[in-house]
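J.: Mind having a look at this structure? Questions to follow.
The values are calculated or read from the model by the stated rules, or taken from the named source; none is laboratory data. Keep in mind it's a predicted model, so treat the numbers as computed, not measured. Cβ coordinates were reconstructed from backbone atoms using ideal geometry, including for glycine residues, and neighbour counts include every protein chain displayed.
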Amino acid sequence: MRGRITRRAFALAGVAGAAALGLRGTAALGQGDYPTKPIRIIIPFGPGGSSDISARVLQSHLQQLLGQPLIVEHRPGAGSNIGTAAVARSDPDGYTLLITSSAFVVNPTLYAKVPYDPYKQFAPIADIADAPNVLVATPQSGLKSLADVIARAKAEPGKLNGATPGIGTTPHLSFELLKQRAGLDIVLVPYPGGGPAAQAVLSGTTDLFFTAMPNIYGQLQSGALKALAIASDRRWPDLPDVPTFIESGFPNFVTSTGHLFLAPAGTPPAIVKKLSDATVQVLKRPEIVEQFLKLGYFTVAGDAETAQARIARDVPFYGEIIAKAKLRIE
């Protein structure tokens, strides 16, 4: 979305060269051998979610490159805020890291009190993968396109309803963005997760469902659900006839459940670079790209700078949607 050996070799050569020159200071001492013990990756959600999946895809490959075990630890609660704050407060030594979702960039605006600063308390390592959001309906609904949704919503304001997998999720905010951009009155029904929300639209309880691709990939393949538009900058490979929102007349309508790899602020730059180079190398492997695609994700394989740019872009992007929709979790 957004060779391999050469870049990593250059990075390792740079570290070796620095050691040979005898560079001093806390940021340069003892890092040539990093890591020398197991690394913890905190997932601020329960097992089985998209952040967990991202960590598991990377886990064995990074272990081989780094030469140490990567231990995945779940710390769910408060919409990911508990686990995220724990990493922000941890020692910046490269041994406690975070893999999280777009909640990282949404929560600072959504919650009245957030126990972390997304800009100041983290050192980005990599932008891992995106699960693009997609608007779907059942074939029985008679809604065959985004144009059908808009026409029906304008003809009968307040009659159409849509399921979302929870307040403040990026699928929910995608619905809010569509309502704001198209001037639609659609009743949104939040469910406690993607599974219950998918069942709501499949059973006919709701007319529409906005969700991340992995949640309904199987139902799209079987024909139980029909994709109307995808909130990505490109079409999905297995759904070539489904247009993007951009193609449908909504510029910059790109929303997804993204996945970021982060370290606490203050982590030595050499360690961040070593982690970033290794992660990007893994993510660019064809078999990893294919594995993510089969799970419903576009691989980003973005380095630390790419991840930093994403945070700088997405916090205000989702913040504007949240402010206009007057959403707030106390």
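J.: Only one of 223, 249, 302 is over 25 Å from residue 80 (Cα atoms) and at pLDDT 95 or above. Can you tell me which? Working first, answer last.
T.: Working: 223 fails: at pLDDT 95 or above; 302 fails: over 25 Å from residue 80 (Cα atoms).
From the options 223, 249, 302, the qualifying one is 249.
J.: Right, here's the next one. Out of everything in segment 88-123 that is in a loop (DSSP other than H, G, I, E, B) and within 16 Å of the chain's Cα centre (by Cα), what residue ends up being surrounded by the fewest Cβ atoms within 10 Å (Cβ to Cβ)? Quick ask: steps written out before the conclusion?
T.: Here is the first cut: in segment 88-123, the residues in a loop (DSSP other than H, G, I, E, B) are 89-95, 102, 112-121.
Filter once more, so that each one left must be within 16 Å of the chain's Cα centre (by Cα): 102, 118.
Details: 102: 27, 118: 21.
Per the stated criteria, the residue is 118.
J.: Quick one: which of 141, 50, 101, 60 is not assigned by TED's automatic domain parsing to the domain that holds residue 321 and not aliphatic (A, V, I, L, M)? If you could, list the steps in order and put the result at the bottom.
T.: Values: 50 fails: not assigned by TED's automatic domain parsing to the domain that holds residue 321; 101 fails: not assigned by TED's automatic domain parsing to the domain that holds residue 321; 60 fails: not assigned by TED's automatic domain parsing to the domain that holds residue 321.
Sole residue among the options that is not assigned by TED's automatic domain parsing to the domain that holds residue 321 and not aliphatic (A, V, I, L, M): 141.
J.: Scan segment 124-179 for residues that are charged (D, E, K, R) and either under 19 Å from the mean Cα position of the chain (by Cα) or under 30 Å from residue 271 (Cβ atoms) (or both) and jot them down.
T.: Within segment 124-179, 127, 130, 176 qualify.
J.: Further, regarding this structure: Can you name the residue in segment 308-318 that is crowded, with 17+ Cβ neighbours inside 10 Å and among the charged types (D, E, K, R) and, of all such residues, is nearest to residue 283 (Cα to Cα)?
T.: 310
J.: Follow-up. State whether the residues of segment 143-161 include one that is surrounded by 24 or more Cβ atoms within 10 Å (Cβ to Cβ) and either in contact with a Gly (Cβ under 6 Å, 6 or more places away or on another chain) or not in a helix (DSSP H, G or I) (or both).
T.: No: segment 143-161 contains no residue that is surrounded by 24 or more Cβ atoms within 10 Å (Cβ to Cβ) and either in contact with a Gly (Cβ under 6 Å, 6 or more places away or on another chain) or not in a helix (DSSP H, G or I) (or both).
J.: Only one of (1) outside any helix (DSSP H, G or I); (2) under 24 Å from residue 83 (Cα atoms) fails for residue 312. Which number is that?
T.: (1)
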